[in-house]
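Read the structure below first, then the notes.
The values are calculated or read from the model by the stated rules, or taken from the named source; none is laboratory data. No experiment lies behind these values; they were computed from the predicted model shown. Cβ coordinates were reconstructed from backbone atoms using ideal geometry, including for glycine residues, and neighbour counts include every protein chain displayed.
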Amino acid sequence: MHGRLKVKTSEEQAEAKRLEREQKLKLYQSATQTVFQKRQAGELDESVLELTSQILGANPDFATLWNCRREVLQRLEAQKSPEELAALVKTELGFLESCLRVNPKSYGTWHHRCWLLGRLPEPNWARELELCARFLEVDERNFHCWDYRRFVAAQAAVPPAEELAFTDSLITRNFSNYSSWHYRSCLLPQLHPQPDSGPQGRLPEDVLLKELELVQNAFFTDPNDQSAWFYHRWLLGRADPQDALRCLHVSRDEACLTVSFSRPVLVGPRTETLLLMVDESPLAVEWRTPDGRNWPGHVWLCDLPATSLNDQLPHHTFRVIWTAGDAQKECVLLKGHQEGWCRDSATDEQLFRCELSVEKSTVLQSELESCKELQELEPENKWCLLTIILLMRALDPLLYEKETLQYFQTLKAVDPMRAAYLDDLRSKFLLENSLLKMEYAEVRVLHLGHKDLTVLCHLEQLLLVTHLDLSHNRLRALPPALAALRCLEVLQANDNAIESLDGVTNLPRLQELSLCNNRLQQRMVLQPLASCPRLVLLNLQGNPLCQAVGTSEYLAELLPLVNSILV
Amino acid sequence: MADNLPSEFDVIVIGTGLPESIIAAACSRSGQRVLHVDSRSYYGGNWASFSFSGILSWLKEYQENSDIVNEGPAWQEQILENEEAIALSRKDKTIQHVEVFCYASQDLHEEVEEAGALQKNHASVISENPTEAVHSAYLPSEDESLCIASCEMLTEQTPSSDLETALEISNVKVTGETEKHDDKTCMKSASEEETSKNVPTTEGTALQPKKTRITYSQIIKEGRRFNIDLVSKLLYSRGLLIDLLIKSNVSRYAEFKNITRILAFREGRVEQVPCSRADVFNSKQLTMVEKRMLMKFLTFCMEYEKHPDEYKAYEEITFSEYLKTQKLTPNLQYFVLHSIAMTSETASNTIDGLKATKNFLHCLGRYGNTPFLFPLYGQGELPQCFCRMCAVFGGIYCLRHSVQCLVVDKESRKCKAIIDQFGQRIISKHFLVEDSYFSENTCSHVQYRQISRSVLITDRSVLKTDSDQQISILTVPGEEPGTFAVRVIELCSSTMTCMKGTYLVHLTCTSSKTAREDLEPVVQKLFTPYTETETENEEVEKPRLLWALYFNMRDSSDVSRNSYNDLPSNVYVCSGPDSGLGNDNAVKQAETLFQLICPNEDFCPPPPNPEDIITDGDSLQSEASEASVILEANSETPKESASLGNPEEASQ
């Protein structure tokens, strides 16, 4: 046809492209080789800069070459005049920028820029901030650039208010931006320092309310966006609880002192130091964990010498000092008493409200109301449901118990992928509630039967419990942490799916253990029972291992002191 | 010039509107020899954009209503026995009811140009003086008593040379009464500049903080900053035109800006419509629950087809009724109906409304937070871009070149040639003619619709924000049943369509009466005529009109080919602009017609990379010689290709 352009066929084009690529590869390889040769020979001059810039310009992720460049620049620093150096730095900055345009997420390039800026006598931070703003405009979620921005802001001592305004502008453009929200969580405590709040800090109420409104705007606009929900949780959350000794227990019978900590610790000569003062004089003791493994744990115990427990004095005082945690606790063993203890009450300290903890319950209440409003519009939104549950727990775990359980049911239905996580969370909440109820009743008996529990937690809080009923749940194990229950006498765990008994170990007072209708198969799992000196009654009926030949004989041999074993 | 044109082409395109230009580009790109002519002196036909002086001379043409019948050599003699002729029209009848109003204070432009900027400042600063009232006397809307009062004041206070001034004023007042809205009034009022100069302006500096007023002379002086579109449209970010511009690589010839906001006019107030996710998040006017409702509904609309149970029951009712059944507050219903679906209470059913909403949302976010783009320097750029592509591939351009008739072979009933204004007969295989070129004989059975248009120059935006560079679209629903919604597009100076400190506002609706009758009510709601007396209560003010133009444009978009009398099968008709917001109609039409001319050819494929074009002589000899013919053809028309560059100059 007339005037039709002659165009290369696709094969010709492909061939031309292939040749071009081959050419490029040759250049790339020869340049790389030359650079390595020169580096080996110690010829670190400007020609290396030139060669590496050719390669890095095309592929900024070649970390070794950035190292070469740093070596060259360091050497040149000593040789050049200030004017020449300034020119060198200027080209280097320009080159870095062009590399960032090739790959805005190149670790090597951003790192090199940090390095370079850090070496300059008078770095132009304003320019760097502007560079960050430009790159974040292209991709507001480029976390490399966010990192660099935080570096620049720290170096240039940019006022937090300005940086906060910057996050404002980015959130305005697109609120699905973890980096922006996260940066806010760093800036706000700096802007509004609260003297008596922990390292993470709480915010003054007016600021908090403003932030809550902002984040509510986000999750009402798009309730499926997680970034806003996480920020919401941060806003309502509180710092880690202060280090503390939760409970101290002395038993005359076992000649033993037990300590429970607010967080898992490893007590030992080179780690946490724990001082024991008996009647105001220090006593050197060996600390160990109840299960004997001496791993970091909540509960540690030591044997006491008979002198510390004798009946000559009307009472003995035991004081434990945790130096690193800056905490101590004291308890008294009275004459004629078998045991003495001192503990923090879960009810007083609101130990279980640490998920969310704004002091002002009015704020929490209004948050709960708006979440419920959102839930009505979005009955299947999992973030909203979970937040409602957390808010209810923070407000009043016992009052909202029933409602919380209903929300759990809905949540499990809409988010079956996380069913197991939700079951565990629910178990934890139920256990906490039962514990609270037990403390209100001032008893040492804990009923956890028929609660559909899947996991046991907070066992370190049960140091003083004597009777524990875990029957009719979905437990699959009695975990090692159960060994913390130093006072436990009767343990019922019938009708579960228990396969292992690691936690039933070294329980000094355990007399009765009932494990009917579980999934105990191997005889081996019964081994730990041998370490419970007072066990007299063991019920294993309805377990697979009962069918096996020789089980009774095995048990008789393993547990010679147990009077009655039901198989 | 006539002698220079080759006598044979494959395709002759008459008219340089958007569809014609696209077809010309597509044909040329496919290797057809294309001749593209337009009897006007500018590109684009009714799709053109004009500088301020350009629009004034365009107006003159229509207001004078003169027949520009410069009879060329008689063509009748050239028609052979076995031929017939279809005479083409020489007069454009597509524009009617042109009315112009000038509200800005007017002064002689010559004088301003001489006096320079300082002088202008004085003229605006003296508003505290009695002459300020005189300014208002020229305004068509000003009532008479005020006029008289001001005249009295003037005679009292100006001690010397007052006689002459007073005389002039009464003079003007009389003309103002008799031919209120006439262009001549504008010219007369030049005298006011003289009067103001007579007044001492010593305390002028004290009043400096006032916003400098824009005068008519400034508009004239900065006239080249304006690019006034005859047809007001936007590009949907995922519309056919954008796709075509990208596919064909024509996009490189133009620049675009995103519309920055969607506005609504409700209960007498202009407000911003939150339509994107970011808008909804940032909106201060919506409650939390409304935010959720709106987002939920819009998310549903994005893929409404997947949830038939949600709308199937409502298919028979109107979209507005359907919205009432949804969980939406009344103001959300309003936003969705008028500003997002851009339909009316009665116009569309549920499915149409959902479709329109989906289309709107689908276009969001491709280039920004609204679904629309506007071409810098005006809509008139777009036909020119395609013309340029046509020329690059060898198309020949002739502006100011009219065609007297089409020559039809009696036997085959096919058109075989045209006879141009110089009497040259040019043979071709295909003929594309824009509707307005047909004579009344051809169009006697055609029923046209009309579009009502208004163009305003104003001094501020209808909705003030931090930034004065906003590009907005606002839909004002028709008040009574049977009247049409008015589409308002407000352009800021960074769109390169108006001078700094002004806004160019386009109003468009389907006509029910004349343009002014249709649009003036909306103009009055949104704007107030420019007067200098109102400077005190700055706060509550609407934007002020500096200049306004009304006209009706013929809408030939809906005309079926069969309504034209006796068209040979190789004569294709292109329509003028339609009243819709997007350009999909033009592109669809162009593609359909292109497929008729070049069946099985790709429509505007991307041009090859320069390095892939084989230029050396390793191809066949014959083809090479053909190529050289094309090159010659190109070099033969240096004047024409220069005129392709023209619009660029104009737009600078």
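For the reader, a short list of remarks on this structure follows.
- Within the stretch A:9-34, residues that are farther than 16 Å from A:Leu56 by Cβ sit with their Cβ atoms under 8 Å from residues that are surrounded by 11 or more Cβ atoms within 10 Å (Cβ to Cβ) and not acidic (Asp, Glu), at 6+ positions apart or across chains, in these pairs: A:Ala16/A:Lys8.
- Pairs with Cβ under 8 Å, 6+ apart, first in the stretch A:407-419 and within 11 Å of A:Ile389 (Cβ to Cβ), second part of a helix (DSSP H, G or I) and of a type in the set (D, E, K, R): A:Phe408/A:Arg426; A:Leu411/A:Lys382
- Tally of residues being closer than 30 Å to A:Ala481 by Cβ, in a strand (DSSP E or B) and not β-branched (Val, Ile, Thr) across the stretch A:280-318: 11
Results for (1) at pLDDT below 90; (2) outside any helix (DSSP H, G or I), shown as yes or no for each residue.
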| site | (1), (2) |
| --- | --- |
| A:Arg21 | no, no |
| A:Gln40 | no, no |
| A:Ile55 | no, no |
| A:Trp66 | no, no |
| A:Glu83 | yes, no |
| A:Ala86 | yes, no |
| A:Ser98 | no, no |
| A:Lys105 | no, yes |
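- A single entry from A:Ala556, A:Ala497, A:Ala530 fulfils the requirement of being of a type in the set (Gly, Ala, Ser) and either within 31 Å of the chain's Cα centre (by Cα) or on the phi > 0 side of the Ramachandran plot (or both): A:Ala497.
- Whether a residue is among the hydrophobic types (A, V, I, L, M, F, W, C) and touching a strand residue (DSSP E or B) at 6+ places or on another chain (Cβ under 9 Å) was assessed, and A:Val215 does not pass this test.
- From the list A:Ser176, A:Ser169, the one residue that fits, being in contact (Cβ under 8 Å) with a residue 40 or more places away in the chain, within 30 Å of B:Phe281 (Cβ to Cβ), out of contact with any His (no Cβ under 6 Å at 6 or more places or on another chain) and within 14 Å of another protein chain (Cβ to nearest Cβ), is A:Ser176.
- The one condition from (1) within 14 Å of chain B (Cβ to nearest Cβ); (2) within 30 Å of A:Pro508 (Cβ to Cβ) that A:Ala255 does not meet is (1).
Yes or no, residue by residue, for (1) part of a loop (DSSP other than H, G, I, E, B); (2) in contact (Cβ under 8 Å) with a residue 24 or more places away in the chain; (3) buried (at least 18 other Cβ atoms within 10 Å of the Cβ):
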| site | (1), (2), (3) |
| --- | --- |
| A:Leu468 | no, yes, yes |
| A:Cys487 | yes, yes, yes |
| A:Ala497 | yes, no, no |
| A:Gly503 | yes, yes, yes |
| A:Leu513 | no, yes, yes |
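- Scanning the stretch A:292-316 for residues that are of a type in the set (Gly, Ala, Ser) and at pLDDT 90 or above gives a single hit, A:Gly297.
- Subset of the stretch A:256-279 [at pLDDT below 90 and in a loop (DSSP other than H, G, I, E, B)]: A:Gly268, A:Pro269, A:Arg270, A:Thr271, A:Thr273
- Restricted to helices (runs of 4 or more DSSP H) entirely inside the stretch B:563-652, those with at least 1 residues that are at pLDDT 50 or above and either touching a His at 6+ places or on another chain (Cβ under 6 Å) or within 14 Å of another protein chain (Cβ to nearest Cβ) (or both) are B:584-597.
- Extreme residue, nearest to the other protein chains (Cβ to nearest Cβ), among residues of the stretch B:281-302 that are touching a residue at least 12 places away in the same chain (Cβ under 8 Å), hydrophobic (A, V, I, L, M, F, W, C) and over 18 Å from B:Leu463 (Cβ atoms): B:Met295
- Those helices (runs of 4 or more DSSP H) lying entirely in the stretch B:245-337 with at least 2 residues touching an Asp or Glu at 6+ places or on another chain (Cβ under 7 Å): B:288-302, B:319-325
- Residue in the stretch B:45-63 that is touching a helix residue (DSSP H, G or I) at 6+ places or on another chain (Cβ under 9 Å), surrounded by fewer than 24 Cβ atoms within 10 Å (Cβ to Cβ) and within 14 Å of chain A (Cβ to nearest Cβ) present: no
Yes/no per residue for (1) farther than 24 Å from B:Ser276 by Cβ; (2) part of a loop (DSSP other than H, G, I, E, B):
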residue	(1), (2)
A:Val158	yes, yes
A:Leu170	no, no
A:Tyr183	no, no
A:Gln190	yes, no
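- Meets criteria (surrounded by 14 or more Cβ atoms within 10 Å (Cβ to Cβ) and within 28 Å of A:Cys99 (Cα to Cα)) for A:Arg141: yes
- Looking only at the stretch A:369-387, and only at residues there that are farther than 17 Å from A:Met417 by Cα, within 11 Å of chain B (Cβ to nearest Cβ) and touching a residue at least 60 places away in the same chain (Cβ under 8 Å), the one that is surrounded by the most Cβ atoms within 10 Å (Cβ to Cβ): A:Leu374
- The stretch B:390-458 holds strands (runs of 3 or more DSSP E) entirely within its bounds, and those carrying 1 or more residues that are surrounded by fewer than 21 Cβ atoms within 10 Å (Cβ to Cβ) map to B:403-409, B:414-420, B:425-427, B:449-458.
- When each of B:Lys257, B:Lys296 is tested for being modelled with pLDDT of 90 or more and touching a Phe, Trp or Tyr at 6+ places or on another chain (Cβ under 6 Å), the lone residue that passes is B:Lys257.
- Taken as a whole, the structure leaves B:Phe256 outside the set of residues that are aromatic (Phe, Trp, Tyr), in contact (Cβ under 8 Å) with a residue 12 or more places away in the chain, surrounded by 15 or more Cβ atoms within 10 Å (Cβ to Cβ) and within 14 Å of another protein chain (Cβ to nearest Cβ).
- For the stretch B:499-517, a tally of residues being farther than 18 Å from B:Leu581 by Cα and surrounded by 24 or more Cβ atoms within 10 Å (Cβ to Cβ) returns 2.
- Candidates A:Gln226, A:Gln200: the one that is more than 30 Å from B:Asn369 (Cα to Cα) and either more than 14 Å from every other protein chain (Cβ to nearest Cβ) or at pLDDT below 90 (or both) is A:Gln200.
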